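Here is the structure we will look at, set down as structure tokens.
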Amino acid sequence: MARRWLASLALWLAWSAHAAAPGPPAELEARMLALTAQMRCLVCQNDSVAHSSAPLAADLRRDVLERLQRGESDEQIVEALRRRHGDALLYRPPLSGSTALLWFGPASLLLVALAVVARVVRERRRHPPPDV
Amino acid sequence: MTRFWLPLALFAGLVVLLAAALRPAGAPAGSAAMVGQAAPALSLPRLDEPRAPMSRDDLLGKPWVLNVWASWCAPCSEELPALKALVASREVRLVGLNYKDRDAPAAAWLARHGNPYAATLVDVDGRAGLEWGVVAVPETFVIDRDGIVRFKHSGVLTEALVRERIVPLLESLGG
């Protein structure tokens, strides 16, 4: 009986060692997921490369993981993929002439709106409408 | 009078700006990213000549066209007339990149539709396509004699596009 138990224990150990062997270290996997979470899946709307089940997203995750295993830094990887797929890949596109409107447009619209409100308020203080 | 016209003008300006942003872009996102960059390395087996692999550097010296296709890609057969017109109209090396496909259906597809490619490279797992920034097949690239990508088109190639964009570009590149 004991021998049988030993044999099945050995089998189980061998199996779990085999199951655990492949796959990258958890730390690299975590870095890969953090990097690809910043990337827009280019073939599906509103999903990141980290979370999409599209084949292209799987290819990109594998590519990022292989680059991490080769020792590339996070910045090198993001830059290499941005050169290949364009700014549209990144949820936070880099600041450049073509993305300036994207970065500063909302804030400047808000400033314009505040200026208009301030002017209206000042105007009304000086000349209150008759019915107030 | 300004009280009325100024907000209206601002609102009209905003409408124009938003309408311009809503207008469908001519090209899909990220489409022009590779243009101006060196063509990625291509060291792949050939479908037509398995014993003679081809690399990017074999193609230096003259402009060439790379067309990414697959037998499982329905629009790829739609653009074949345009590709054949390109090869018929001028002497240009048209290289096919068979993307995430298998050799048997790919060869059968070429036999059925006619083969416009001077060479067909096999990219079984899509790694080469990824290096070229391929997002969805078909995609077409024009590469100059120094190995710089000069043009990229995502989607089906039309004869008009070949006539109006690719042929003049090849002429200016001295192909």
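Rule-based calculations on the coordinates, nothing more; no lab input. Please read all numbers here as calculations on a predicted model, not as lab measurements. Counting neighbours? That spans all protein chains shown, and the Cβs are built from the backbone with ideal geometry, glycine included.
For the protein assembly as shown, the dipole from Cβ point charges (+1 on Lys and Arg, -1 on Asp and Glu) about the Cα centre works out to 920 debye, to the nearest 20.
Among B:164, B:139, B:79, the largest mean-square fluctuation in a Gaussian network model of chain B, built with springs joining Cα atoms closer than 10 Å, belongs to B:164. For chain B, a Gaussian network of Cα nodes joined below 10 Å ranks B:40, B:116, B:50 by mean-square fluctuation, and the top entry is B:50.
So what's the net charge close to residue B:115: Lys and Arg +1, Asp and Glu -1, counting the other residues with Cβ under 11 Å from its Cβ? Intermediate values should be presented prior to the final figure.
Numbers: positive: B:84, B:112; negative: B:48.
For residues surrounding residue B:115, the net value is +1.
To check you understand DSSP bridge types, tell me what percent of the beta bridges within the stretch B:89-175 (both residues inside) are antiparallel, rounded to 5. Kindly include the intermediate steps, with their values, before the conclusion.
On the way: 5 of 10 bridges.
Counting DSSP beta bridges with both partners in the stretch B:89-175, the antiparallel share is about 50 percent.
Computed extension length for residue B:158-residue B:124: 9.6 nm, one decimal, from 0.36 nm per residue of separation with the Cα-Cα distance subtracted.
Using a Gaussian network model of chain B with C-alpha springs under 10 Å, which one of B:14, B:130, B:59 is most mobile by mean-square fluctuation? So, out of B:14, B:130, B:59, the one fluctuating most is B:14.
The stretch B:47-72 and the stretch A:32-74 have Cα centres lying 27 Å from one another. Take each residue in A:76-89, count the other chain C-beta atoms within 10 Å of its C-beta, and the mean is 4.
The residue list B:92, A:60, A:130 was ranked by how far each Cα lies along the charge dipole of the protein assembly as shown toward its positive end, using unit charges on Cβ atoms, and A:130 comes out on top.
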